[in-house]
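One structure below.
The values are calculated or read from the model by the stated rules, or taken from the named source; none is laboratory data. Values in this document were obtained by computation on a predicted structure and should not be read as measured data. So basically every Cβ, Gly included, is an ideal-geometry build from the backbone, and we count neighbours across all protein chains shown.
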Amino acid sequence: MASPFFFIKKDDGKNKYTLPLINELIDKVKGAKYITKLDVHWGYYNIQFRDGDEWKAAFRTNLGLFEPTIMFFGLCNVAATFQAFVDEIFKELIYQDHQELIIEVLKIMHEHHLYLKPQKCKFETQTVKYLGHIIRNGEVHMDPKKTLAIRDWPKPTNLKELQQFLGLGNWLCHFIKDYSLVVKSLMALTGKAVWDWSGEAN
């Protein structure tokens, strides 16, 4: 017997637009022959508040209260709003041929006054750095900088430092065989037991 459930409208007005999962994005692009990576200049700053909603992001300074006219980093809805905007303006382009697609993408960006950072863009490349991963020839590899970060990480001296290290490790766990076994002794130190960095933890 199933339990009844109800949809209840939340009062906080938070945008529930779903952000894409990084692993799913990587799976979609890893088999591509050519990849183009574009970096939107000023990202979130391209999104204007709807008239009358500026007060929702008001902030106080020593010069008084200010209401922004554009979105900025740190707002709870900014990532979802920007993703919804990008999905909406490019929805007609999914599954087109690569070169046709890039031309259309650039036209749409021009129409919506979105600008790119040329130094961060890659066009029709077979190797691309994407969200901390290297994608090339249908394979996904760990970014060597992340590997060095793990290798050179100083020995944790307290729980917080260990949690930071494990956070980086979790980001790359799908590249490490039997990751859960590798970090088992470290995970044991995140419990309520007294901190004791010795033995297997080393």
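In the range 153-174, the residue that is farthest from residue 194 (Cα to Cα) out of those that are of a type in the set (S, T, N, Q) and assigned to a helix (DSSP H, G or I) is 170. Residues of the range 42-75 that are surrounded by 13 or more Cβ atoms within 10 Å (Cβ to Cβ), within 30 Å of residue 134 (Cβ to Cβ) and under 16 Å from the mean Cα position of the chain (by Cα): 43, 44. Screening the candidates 108, 89, 150 for the property of being closer than 30 Å to residue 192 by Cβ, assigned to a helix (DSSP H, G or I) and either touching a residue at least 12 places away in the same chain (Cβ under 8 Å) or in the same structural domain as residue 198 (by TED's automatic domain parsing) (or both) yields one hit, 150. Considering the range 76-100, the residues that are within 18 Å of residue 33 (Cα to Cα) and more than 23 Å from the chain's Cα centre (by Cα) include one that is surrounded by the fewest Cβ atoms within 10 Å (Cβ to Cβ), namely 97. In the range 40-55, of all residues being touching a residue at least 12 places away in the same chain (Cβ under 8 Å) and of a type outside the set (Phe, Trp, Tyr), the one that is farthest from residue 83 (Cα to Cα) corresponds to 54. Against the condition modelled with pLDDT under 80, within 22 Å of the chain's Cα centre (by Cα) and not polar (S, T, N, Q), how does residue 117 come out, does it pass? Against the criterion (modelled with pLDDT under 80, within 22 Å of the chain's Cα centre (by Cα) and not polar (S, T, N, Q)), residue 117 does not qualify. Scan the range 146-188 for residues that are touching a helix residue (DSSP H, G or I) at 6+ places or on another chain (Cβ under 7 Å), aliphatic (A, V, I, L, M) and closer than 22 Å to residue 129 by Cα and the total you get is 5.
Filtering the range 175-202 to residues that are at pLDDT below 80 and assigned to a helix (DSSP H, G or I) leaves 199, 200, 201. If you go through the range 110-158 and keep only what is farther than 15 Å from residue 35 by Cβ, touching a Leu at 6+ places or on another chain (Cβ under 8 Å) and hydrophobic (A, V, I, L, M, F, W, C), you end up with 116, 142, 149, 150, 153.
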